[in-house]
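FYI, it's all coordinate maths here, none of it is from the lab. On a predicted model such as this, the values are computed, not experimentally measured, just so you know. Here Cβ is always computed from backbone atoms with ideal geometry, including for glycine, and neighbour counts include all displayed protein chains.
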Amino acid sequence: MMYALEAAGLRVHFADREVLAGVDIAVSPGELVTLVGPSGCGKSTLLRAIAGLRAVHEGRVSLSGVDVTNLPAEKRRVGLVFQDNALFGHLRVEGNVAFGLRHLPKNERRQRVAEVLELVKLGHLARRYPHQLSGGEQQRVAVARALAPKPAVVLLDEPFGALDEVLREELGWEIREILTKQNTAAILVTHDRHEAITLGDRVAVMGGGKILQCAPPREVYERPINRFVADFLAVASYVKTESGVEELVRPHQLRVSAGGRHKVLRVEFLGATSRYTIKAADGSLLISDVGPTEQLAVGAACSVEVLRG
């Protein structure tokens, strides 16, 4: 199988600190991989290494089967989208999108700009300047500019971080659909766990300079490779089975009822449900999402049942 992007054994050092500690990742054409992990784990460094903006000390980067490890950034077929969109304020929208197409004849350049602006639904704003656009429109221009040269892969580094929650969710789905239509491989770095699970064909969880697990969202959510992945990707509780083994349970897998040996510590209203933080009799904490039919006050005694199957 020919991957659009394949990175193998990437190592990057800053002074005496290893920021990438042997990273392997492969992305197929048309696939969106979301990349999550704590601050400082190497997410942005990985994108920069793939793009050629950061030299690697070991490993290789291949795009569509071609080793580009030693090529400069401008010779790699990589599109970049950042949180601040990095648009050129002195250029109109069409000029920003055309920036990476200077190698094309004028007519072909104009045609490609029109194509990608229609793709991101901004054809009517081609003559405007970036400061005349909303935040969401600016990010769509940034995506159009990244897609214009027909890159092998698009790398998005927290592109929705500056947008409000409603807009970022809407724009996230729009961009996912655009990438799919173009059959373009992409890696999306995000700090939003919900965004990672909902948008990604696969979710890569990073920690300590390594990708610890990369799999479809349901698999990472239900069968995390270790406790770090389980806790980072979503809220988790751990209960001991009869054999003494700790079992991972998510909030929807715990049923709470009045009376018992446990105690309600906190109640968070989430709309259709409430999230209960419960101190178990053994001192451990349990998190449960409870429907409107069962309402307990902070300090109330309760019991907890694990729902299986």
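With the gyration tensor restricted to C-alpha atoms of region 184-288, the semi-axes of the equivalent ellipsoid amount to 29, 17, 11 Å, longest first.
For region 235-306, a Kirkwood hydrodynamic radius built from all Cα pairs, placed in the Stokes-Einstein relation at 4 °C and 1.567 mPa s, yields a translational diffusion coefficient of 107 µm²/s. Entry note, the chain: the mean residue ellipticity at 222 nm calculated from DSSP H runs of n ≥ 4, each adding -39500 (n - 2.57), is -7500 deg cm²/dmol after division by the residues and rounding to the nearest 500. Net charge near ALA26, counting Lys/Arg +1 and Asp/Glu -1 over other residues with Cβ under 11 Å of its Cβ? Residues close to ALA26 contribute a combined charge of -2. Have a look at ASP67, ASP16, ASP192 and tell me which one the Gaussian network model of the chain (Cα, springs below 10 Å) gives the largest fluctuation. The residue with the greatest mean-square fluctuation here is ASP16. At 10 °C and a viscosity of 1.306 mPa s, what translational diffusion coefficient does Stokes-Einstein give for the chain, taking Rh as the Kirkwood radius over Cα pairs? Give it in µm²/s as a whole number. Calculated translational D: 74 µm²/s. Rounded to whole Å, give me the distance from the Cα center of region 205-278 to that of region 37-52. After rounding, the separation between the Cα centres reads 27 Å. Shown for region 168-210 is the translational diffusion coefficient from the Stokes-Einstein equation, using the Kirkwood radius over Cα pairs, a temperature of 20 °C and a viscosity of 1.002 mPa s: 189 µm²/s. Ignoring GluC sites (Glu not before Pro) that are buried or in helix or strand per DSSP, and keeping those with at most 16 other beta carbon atoms within 10 Å, what is the longest stretch of the chain between them? Maximal segment without exposed cleavage sites: 1-241.
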